[in-house]
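Asker: Sharing a structure with you now.
The values are calculated or read from the model by the stated rules, or taken from the named source; none is laboratory data. Remember, it's a predicted structure, so these values are computed and weren't measured experimentally. With ideal geometry, Cβ positions are generated from the backbone for all residues, glycine too; neighbour counts draw on all protein chains shown.
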């Protein structure tokens, strides 16, 4: 949890930061669920609201499972926009209501997933104008994931990461990346998927100037 808080401060000061853990989005304010004990992103948002005067925060959750805990925690907070791109027929089976839920059918591939991102992400950023985005880059939409139900390739996951990060940077919005879920049958593919997210974040930071608005 402290890693996400530290990364959030760093992102706000420098434009982009990655926590090599975090993304425990199933944890509620008063209990844990799934593999999530404490909701590190929710805590980080509250800390920055208190300590840095953050007024508009957005969570872009691309883990294959809906971020039900995050959605519930901020359901009554107009200063936080929660957006979840998830598998419709996957856990949690009783979903909370995010500010925007994009429920994807089983077998969604690279092309369809990226089309969904392109249809919604720019509009969310333009209309809500967050001062900081928390990007939950779960790699469980991967086709080889045991718990995923979607069908993204490793290349598709890289394109997803690049699109989210590039779109935010071009809009002048700092980003905190947390890794989230991943349950690939092959360990080498799981490790590569997570490492790929960090490489893409570095590449985007080098290639796309952080244009403040």
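Asker: In region 150-198, what residues are without any contact (Cβ under 8 Å) to a residue 60 or more places away in the chain, closer than 25 Å to residue 1 by Cβ and surrounded by fewer than 17 Cβ atoms within 10 Å (Cβ to Cβ)?
Answerer: 183, 191, 195
Asker: For region 53-70: of the residues being surrounded by fewer than 24 Cβ atoms within 10 Å (Cβ to Cβ) and touching a residue at least 12 places away in the same chain (Cβ under 8 Å), which is farthest from residue 179 (Cα to Cα)?
Answerer: Checking each candidate, the answer is 55.
Asker: Looking at region 35-52, I want the residues that are at negative phi and surrounded by fewer than 24 Cβ atoms within 10 Å (Cβ to Cβ) and have a partner that is modelled with pLDDT of 95 or more and in a helix (DSSP H, G or I) with Cβ atoms under 6 Å, at least 6 apart or on another chain. Which pairs are those?
Answerer: Between residues of region 35-52 that are at negative phi and surrounded by fewer than 24 Cβ atoms within 10 Å (Cβ to Cβ) and residues that are modelled with pLDDT of 95 or more and in a helix (DSSP H, G or I), the close pairs are 47/5; 48/8.
Asker: Looking at region 5-25, I want the residues that are over 22 Å from residue 84 (Cβ atoms) and have a partner that is modelled with pLDDT under 95 and surrounded by fewer than 24 Cβ atoms within 10 Å (Cβ to Cβ) with Cβ atoms under 6 Å, at least 6 apart or on another chain. Which pairs are those?
Answerer: Short answer, once both residue conditions are applied: 15/210.
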